Amino acid sequence: MFYENWMSYIKDDAKVTKIAIPGAHNAGTMGMSKLARCQNGTLFEQYQYGVRKFGIRLKADRKGRLFIAHGVSKGMPAELAFESLGRIIEEFDDFIILDIRTYSNQKFGPINLSYKSDPDAVSKLIRDYLSPEKYALTGYGDVSSLTLGDIRRQGKKYIIINSKKEYEYSCDCPLLEPWDPKIFGLKPEKFAVECVNYLRNLNTDGFFWLQTQQTPNPGTENGITKWPDDLDELDRPYFPQIIAEIAADPVLLEKVNIVAGDFMTRDYMKANEILSLNLLKGIVKDEMRAEYAAAIGK
């Protein structure tokens, strides 16, 4: 199936920070409450829908047990998430990006919420489930020069990004993930324009994560009256517009890398729109362009 190996269509000389890659925001939140749920599919299913960048957020309970987290909400035990990631790594060959970290501290007025997890416990999960000695990419030099061919020749299948480099086999390569509550709280028709304008003013030598999902925040146009699935329903009609604006601007087309969203397994629309950018970037293998385009309906 195309979506299980779409990276095999990409040229060896394509720089990994320049490939248009579908990403899953809060990837492990299936089964959480409506307040916290940003995905309706398992990690394995997300991979099958084209996702290659997974945002994994963790926290520990009072007994130190690790769970997938979205703020105060607690999801599946971390072991289940890592087991699913391990299955992906063993069964498929496409390169995946694992953005793993403890959920960030939050502040709501005078209330401060902090989250913790034991890095050694996370490292153990990596060793137990992800075959890191065989598949984890670590010695890559300058990530901005890293090509898909470099990764293939080394036989690596994933990179773990963690800015603190607090886990075994994790890397602190640059990951720009711009987020502004004012922009991400705009009405959908405004957000579709402003999230692209936001992209225009930012640069990085590492991975660039363009977030296309909105977040309910107090004091914004959307406020806190809508949950992630409600916002996604409103945003979906504008997703092709976001991609079209990027496609029409050579500077943005060169810059765009990871494009993340909520509910990536609802259908293939978001993945198809994102993957179409690789045709315009000229990084699809010449002999496979027609097959690639047909698979995504472009």
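The values are calculated or read from the model by the stated rules, or taken from the named source; none is laboratory data. Please read these numbers as outputs of a predicted model, since none were measured by experiment. Cβ: placed from backbone, ideal geometry, glycine included. Neighbour counts: every protein chain shown. We work out accessible area using only protein heavy atoms, side chains counted, and drop any ligands, DNA or RNA first. Shrake-Rupley method; radii C 1.70, N 1.55, O 1.52, S 1.80 Å.
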For the range 209-250 (alpha-carbon point model, no solvent) the Debye-based log₁₀ I(q)/I(0) at q = 0.14, 0.26, 0.33 Å⁻¹ works out to -0.39, -0.91, -1.11
Need one number: nm distance between label points at Lys190 and Asp286, each 7 Å from Cα along Cα→Cβ, rounded to one decimal.
4.8 nm
Return the sequence-ordered ³J(HN,Hα) values of the range 139-156 in whole Hz as given by the Karplus equation 6.51 cos²θ - 1.76 cosθ + 1.60 applied to θ = phi - 60°, using x for Gly and Pro.
x, 10, x, 7, 5, 5, 9, 6, 9, 5, x, 4, 5, 4, 5, 7, x, 8
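Roll a 1.4 angstrom probe over the protein heavy atoms and tell me the percent of accessible area of the range 162-283 that is carbon or sulfur.
On the way: 2760 of 5130 Å².
Carbon and sulfur together cover 54 percent of it.
When ligands, DNA and RNA are left out and all protein chains stay put, how many square angstrom of accessible area per residue does the range 215-298 have with a 1.4 Å probe? Kindly include the intermediate steps, with their values, before the conclusion.
Details: 3600 Å² over 84 residues.
Counting only protein heavy atoms, the per-residue value for the range 215-298 is 43 Å².
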Per GNM of the chain with C-alpha springs under 10 angstrom, the most fluctuating residue out of Met76, Met288, Met264 is Met288
Rounded percent of accessible protein surface that carbon and sulfur make up, the range 69-123, 1.4 Å probe:
51 percent
To the nearest 500 deg cm²/dmol, what mean residue ellipticity at 222 nm is calculated for the chain from DSSP H runs of n ≥ 4 alone, each contributing -39,500 (n - 2.57), summed and divided by the residues?
-9500 deg cm²/dmol
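Work out, in µm²/s and without decimals, the Stokes-Einstein translational diffusion coefficient of the range 79-168 at 25 °C, 0.890 mPa s, Rh from Kirkwood over C-alpha pairs. Intermediate values should be presented prior to the final figure.
On the way: Rh = 14.7 Å.
Estimated via Stokes-Einstein, D reaches 167 µm²/s.
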Compute the distance from the alpha-carbon center of the range 166-227 to that of the range 112-159, in whole Å.
24 Å
Under 28 Å from Lys34, Cα to Cα: lysines that are on another chain or at least 8 residues apart
Lys53, Lys59, Lys63, Lys74, Lys107, Lys116, Lys182, Lys187, Lys190, Lys226, Lys270
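Students often check this: by mean Cβ neighbours within 10 Å, which of 266-278, 201-213 ranks highest, and how do the rest follow? Can you show the working numbers first?
On the way: 266-278: 21.2, 201-213: 18.1.
Result, highest mean first: 266-278, 201-213.
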Cα extents of the range 96-141 along the three principal axes, largest first (Å):
47, 24, 16
Cα-based equivalent ellipsoid, the range 3-94: semi-axes from gyration tensor eigenvalues, Å:
28, 13, 12
Spelling it out for Met76: with amide H atoms placed in the peptide plane at 1.01 Å from N, the residues 5 or more places away or on another chain with amide H under 5 Å from its amide H are Ile68
The range 23-182: equivalent-ellipsoid semi-axes (sqrt of 5 x gyration tensor eigenvalues, Cα, Å)
26, 17, 16
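Give me Rg over Rh for the chain, both radii from the alpha carbons and Rh done the Kirkwood way, two decimal places. List each step's numbers first, then the result.
Details: Rg = 18.3 Å, Rh = 19.5 Å.
That ratio equals 0.94.
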If you roll a 1.4 Å probe over the heavy atoms of the protein chains, what accessible area per residue do you get for the range 92-164, in Å²?
51 Å²
Per principal axis, descending, Cα span of the range 170-298 in whole Å
51, 32, 32
Specify the inter-centroid distance of the range 21-96 and the range 247-298, based on alpha-carbon positions, in whole Å.
23 Å
